[in-house]
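So the structure is just underneath, and the comments pick up after that.
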Amino acid sequence: MSEKSQSIPANSIDKTSVNRTSLHGVELLFNSRLNKGTAFTEQERDIFGLHGLLPPHIGTLEDQRLRRKRVLDSRDTAFGKYSNMRDLQDNDETLFYSMIEHYTEELLPIVYTPAVGEGCQRFSEIWRRPRGLFISYPNRHRIDQILADPRYDNVRCIVVSDGERILGLGDQGAGGMGIPIGKMALYTALGGIPPEHCLPILLDAGTDNEKLLHEPIYIGWQHHRVRGQEYDDFVEAFVTAVQKRWPKILLQWEDFAGANAARLLERYRDRLCTFNDDIQGTAAVTTATLLAAVNATGVPLSQQTIAMYGAGSAGIGIIDLLIAAMKEEGLSEEQARSRVYAFNRHGLLVDGARGIKESQRPLVRKRADIAGWHLEGGEDVSLLDVVRNAKVTVLAGVSTQAGAFTEEIVCEMARHTERPIVFPMSNPTSQAEATPADLLLWTKGRALVGTGSPFPPVEVEGRPVRISQVNNSFIFPGLALGILVAEARRVTDGMIMAAARALAGLSPSRKDKTAPLLPPIGESRKVALVVSEAVARQAMAEGVASITDANSLPDRIRAYMWNPVYIPYERIEG
């Protein structure tokens, strides 16, 4: 909210709430947090000098939703809809969030994945008004000054990216700002976190995308990426400035390249309240979905054999959380690791394999583990080799290699397990390792399927089967909400596991083993309530929360959550 306005109360909306502001006329209408458009009343138009600036019709939020929905429906491409929603967010935030609240299932794929991918690729085309902060390497000496603006006094959480690994699309430079903007929008739309508490940030360290380096309309710093110590010093300057400005901030790292993602999380996770959604959020939602799937199969997680196709930071994070879950079921570390086969782009991570990175060393199998296997030939151990010889029951993909889960691989898997569990989770849709329609066709409807991007229902034996979206939006809004309400000082592994188990507990398949593994995406806000309470209770149990009264948690959470409704305005002298 503008420094010239104040809202009472700050964290909730009810019939007695009122916005008091000194803004007037065009200045008020151009403030996206405060603008109500045609919903300003006759009295408000008198007080704030809005007559003539607005058409004479006095409408309601419901009227505006209907008008905006009609316009949105007239757009014939996902990018057209995305661009329209971004314009709406920069014009009237309350209406923007009300639209998502009422059309959640339809609009989540528009405001975030998969449409946000093209939004990032074409960000320079559609950037019109400032939202969030661009902190560029040439401005590294001005970070304190940039953060100091009083309009950011109420910020409590930040999503930051450097734009180097945007979904499965690679380096998008400053265009990667679409991701922090989208994530922060879901913090509010799904987690109820007040928009004035959210700040998207893009660290512009340059780009190695040759197209962008020579693109005349590119809005970012047209310079090859800074690397090594220069990059680390840039990030350190940013974190130091953030801590100084907001000592209790929640900082989420997003879409950093694998080489940086894990090490930055490791470097800063004990210094401030921080998490990486690509690593920990993906791990939590995958673990939750797998726990739901194994409940449907009747075979415990500790008895499953898992192939993780893709061993970057996301894949490693998933494996680490799955191993922790197996240990909770009684396995030792060694026993749990023996049930997981991890792959890079060459093949199985096994002694002597090509391209093994230092971060992948704990996942590398011994040659003795595959002694006696019948292999297809060549120096690399393929996914088909492992599925055939290890009798894989769970196949998960975060490789961004479209079509990697072939019919031969999936049919081989289905030969030795009654309910194959297959999660092609790469984003956007074009990068998915397989489509749900193919997976269900190849397994005659027996596969338990979860995908990273949204897919339409698939007809199996004359009935439509809803495809569960293994989407981080089931986790990070509730995780952030729980952290903020608990006033947590750190984000622990236990809090991530609590989020995963809370989501797994909401699986429709717990009551009906033929039902989808996850709730409908349209219920994400309800999911966030449950996840947030589990996270907050875990933070309290581990001693990293500032609040101590567990009984008050549900009331605290509901009181904090912001709702997108218009409230009356009163003018104050500026």
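The values are calculated or read from the model by the stated rules, or taken from the named source; none is laboratory data. On a predicted model such as this, the values are computed, not experimentally measured, just so you know. Quick reminder, even Gly has a Cβ in these numbers, built from the backbone with ideal geometry, and neighbours come from all protein chains shown. To get the accessible areas, we keep the full protein, side chains included, count just its heavy atoms, and leave off ligands, DNA and RNA. Shrake-Rupley method; radii C 1.70, N 1.55, O 1.52, S 1.80 Å.
Just give me the residues in the stretch 402-428 being basic (Lys, Arg) and either in a loop (DSSP other than H, G, I, E, B) or crowded, with 19+ Cβ neighbours inside 10 Å (or both), in sequence order. Show your work before the answer.
So in the stretch 402-428, the residues basic (Lys, Arg) come out as 415, 419.
Scanning the stretch 402-428 gives a single hit, Arg419.
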Of (1) surrounded by fewer than 23 Cβ atoms within 10 Å (Cβ to Cβ); (2) under 16 Å from Gly450 (Cα atoms); (3) free of Cβ contacts under 8 Å to residues at least 40 places away in the same chain, Ala432 satisfies every one except (1)
Picked from the stretch 467-523 (must be over 17 Å from the mean Cα position of the chain (by Cα) and of a type in the set (Ser, Thr, Tyr)), the residue modelled with the lowest pLDDT is Thr514
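Suppose we filter Ala541, Ala545 for residues that are surrounded by 20 or more Cβ atoms within 10 Å (Cβ to Cβ), at pLDDT 95 or above and of a type in the set (A, V, I, L, M); which single one remains?
Working: Ala541 fails: surrounded by 20 or more Cβ atoms within 10 Å (Cβ to Cβ).
Residue meeting the stated conditions: Ala545.
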For the stretch 118-127, indicate whether the set of residues that are at pLDDT 95 or above, aliphatic (A, V, I, L, M) and within 15 Å of the chain's Cα centre (by Cα) is non-empty. no
Residue pairs within 7 Å by beta carbon, gap of at least six or interchain, first lying in the stretch 131-144 and under 16 Å from Pro200 (Cβ atoms), second among the acidic types (Asp, Glu) and open to solvent by less than 70 Å² (accessible area, probe 1.4 Å), listed first then second, are Arg131/Asp90; Phe134/Asp204; Ile135/Asp204; Ser136/Asp204
Answer yes if at least one residue in the stretch 389-401 is farther than 29 Å from Val460 by Cα and in a loop (DSSP other than H, G, I, E, B), and no otherwise.
no
Residue hits (the stretch 206-249; of a type in the set (A, V, I, L, M, F, W, C) and touching a Phe, Trp or Tyr at 6+ places or on another chain (Cβ under 8 Å)) are Leu212, Ile219, Trp221, Val226, Phe234, Val239
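Tell me, which residue of the stretch 344-399 that is of a type in the set (A, V, I, L, M) and open to solvent by 40 Å² or more (accessible area, probe 1.4 Å) is modelled with the highest pLDDT? So that I can check it myself, show each step before the final result.
Of all residues in the stretch 344-399, those of a type in the set (A, V, I, L, M) come to 348-350, 353, 356, 363-364, 368, 370-371, 375, 381, 383-384, 386-387, 390, 392, 394-396, 398.
From what's left, open to solvent by 40 Å² or more (accessible area, probe 1.4 Å): 368, 371, 375.
Details: Ala368: 96, Ala371: 93, Leu375: 93.
Among those residues, the one meeting the criterion is Ala368.
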Among Leu506, Leu518, Leu553, Leu529, the single one that is on the phi < 0 side of the Ramachandran plot and buried (at least 24 other Cβ atoms within 10 Å of the Cβ) is Leu518
Note on Thr38: of the conditions (1) modelled with pLDDT of 95 or more; (2) more than 26 Å from Glu523 (Cα to Cα); (3) open to solvent by less than 50 Å² (accessible area, probe 1.4 Å); (4) touching a Phe, Trp or Tyr at 6+ places or on another chain (Cβ under 7 Å), unmet is (4)
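Given the criteria part of a loop (DSSP other than H, G, I, E, B) and within 26 Å of the chain's Cα centre (by Cα), does Arg345 qualify?
Values: part of a loop (DSSP other than H, G, I, E, B): yes; within 26 Å of the chain's Cα centre (by Cα): yes.
So Arg345 passes the test.
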Inset, instruction - With the condition kept exactly as written, say whether any residue in the stretch 234-257 is more than 30 Å from Asp144 (Cβ to Cβ) and either in contact (Cβ under 8 Å) with a residue 60 or more places away in the chain or not polar (S, T, N, Q) (or both). - result: no
Log entry, pairs with first residue in the stretch 93-112 being within 10 Å of Ala189 (Cα to Cα), second being of a type in the set (Ser, Thr, Tyr) and assigned to a helix (DSSP H, G or I), beta carbons closer than 9 Å, six or more apart or on different chains, reads Tyr97/Thr188; Ile100/Thr188; Thr104/Ser524; Leu108/Ser473; Leu108/Ser524
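Only one of these is surrounded by fewer than 24 Cβ atoms within 10 Å (Cβ to Cβ), within 15 Å of the chain's Cα centre (by Cα), over 22 Å from Trp562 (Cα atoms) and touching a residue at least 24 places away in the same chain (Cβ under 8 Å): Gly163, Gly168. Name it. If you could, list the steps in order and put the result at the bottom.
On the way: Gly163 fails: surrounded by fewer than 24 Cβ atoms within 10 Å (Cβ to Cβ).
Every option except Gly168 fails the conditions.
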If we ask which residues in the stretch 84-93 are open to solvent by less than 20 Å² (accessible area, probe 1.4 Å) and in contact with a helix residue (DSSP H, G or I) (Cβ under 7 Å, 6 or more places away or on another chain), their number turns out to be 6
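A quick yes/no check of all residues on (1) within 26 Å of Phe455 (Cβ to Cβ); (2) out of contact with any Lys or Arg (no Cβ under 9 Å at 6 or more places or on another chain):
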site: Arg65; (1), (2): no, yes
site: Arg86; (1), (2): yes, no
site: Asp92; (1), (2): no, no
site: Tyr103; (1), (2): yes, no
site: Tyr112; (1), (2): yes, no
site: Ala115; (1), (2): yes, no
Expected output for the stretch 214-227 (first residue more than 17 Å from Ile135 (Cβ to Cβ), partner part of a loop (DSSP other than H, G, I, E, B), Cβ below 6 Å, 6+ apart or cross-chain) is His224/Gly206; His224/Asp208
Requiring at least 3 residues that are polar (S, T, N, Q) and touching a residue at least 12 places away in the same chain (Cβ under 8 Å), the helices (runs of 4 or more DSSP H) wholly within the stretch 439-555 are 524-541
Here the residues within the stretch 59-82 that are open to solvent by 20 Å² or more (accessible area, probe 1.4 Å), among the hydroxyl-bearing types (Ser, Thr, Tyr) and assigned to a helix (DSSP H, G or I) are Ser74
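Give the residue that is nearest to Gln89 (Cα to Cα), with candidates limited to residues of the stretch 556-574 that are in a loop (DSSP other than H, G, I, E, B) and open to solvent by less than 60 Å² (accessible area, probe 1.4 Å). Please lay out each step first, then the result.
Step one: list which residues in the stretch 556-574 are in a loop (DSSP other than H, G, I, E, B), which gives 561-568, 572-574.
Filter once more, so that each one left must be open to solvent by less than 60 Å² (accessible area, probe 1.4 Å): 561-564, 566-567, 572.
On the way: Met561: 19, Trp562: 16, Asn563: 15, Pro564: 12, Tyr566: 15, Ile567: 18, Ile572: 26 Å.
Once the filter is applied, the top-ranked residue is Pro564.
Out of the residues in the stretch 304-323 that are hydrophobic (A, V, I, L, M, F, W, C) and over 22 Å from the mean Cα position of the chain (by Cα), state the one that is nearest to Ile409 (Cα to Cα). It would help to see each step written out before you state the result.
First, the residues of the stretch 304-323 that are hydrophobic (A, V, I, L, M, F, W, C): 306-308, 311, 314, 316, 318-319, 321-323.
When the remaining residues are screened for being over 22 Å from the mean Cα position of the chain (by Cα), the result is 306-307, 323.
Numbers: Ile306: 14, Ala307: 12, Ile323: 24 Å.
Ranking the candidates gives Ala307 first.
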Selection from the stretch 24-47 of residues touching a Ser or Thr at 6+ places or on another chain (Cβ under 8 Å) and outside any loop (DSSP other than H, G, I, E, B) yields Leu28, Ala39
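Can you tell which of Ala307, Ala325, Ala311 is under 22 Å from Val422 (Cα atoms), open to solvent by less than 70 Å² (accessible area, probe 1.4 Å), without any contact (Cβ under 8 Å) to a residue 60 or more places away in the chain and among the aliphatic types (A, V, I, L, M)?
Details: Ala307 fails: without any contact (Cβ under 8 Å) to a residue 60 or more places away in the chain; Ala325 fails: without any contact (Cβ under 8 Å) to a residue 60 or more places away in the chain.
Being under 22 Å from Val422 (Cα atoms), open to solvent by less than 70 Å² (accessible area, probe 1.4 Å), without any contact (Cβ under 8 Å) to a residue 60 or more places away in the chain and among the aliphatic types (A, V, I, L, M) holds for just one of Ala307, Ala325, Ala311, which is Ala311.
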Of the conditions (1) touching a Gly at 6+ places or on another chain (Cβ under 9 Å); (2) under 23 Å from Leu28 (Cβ atoms); (3) not aliphatic (A, V, I, L, M), the single one that Glu62 does not satisfy is (1)
Across (1) at pLDDT 95 or above; (2) open to solvent by less than 50 Å² (accessible area, probe 1.4 Å), Arg267 clears everything bar (2)
Restricted to the stretch 275-303 and to residues being under 17 Å from Ala499 (Cβ atoms) and of a type in the set (Gly, Ala, Ser), the residue surrounded by the most Cβ atoms within 10 Å (Cβ to Cβ) is Ala284
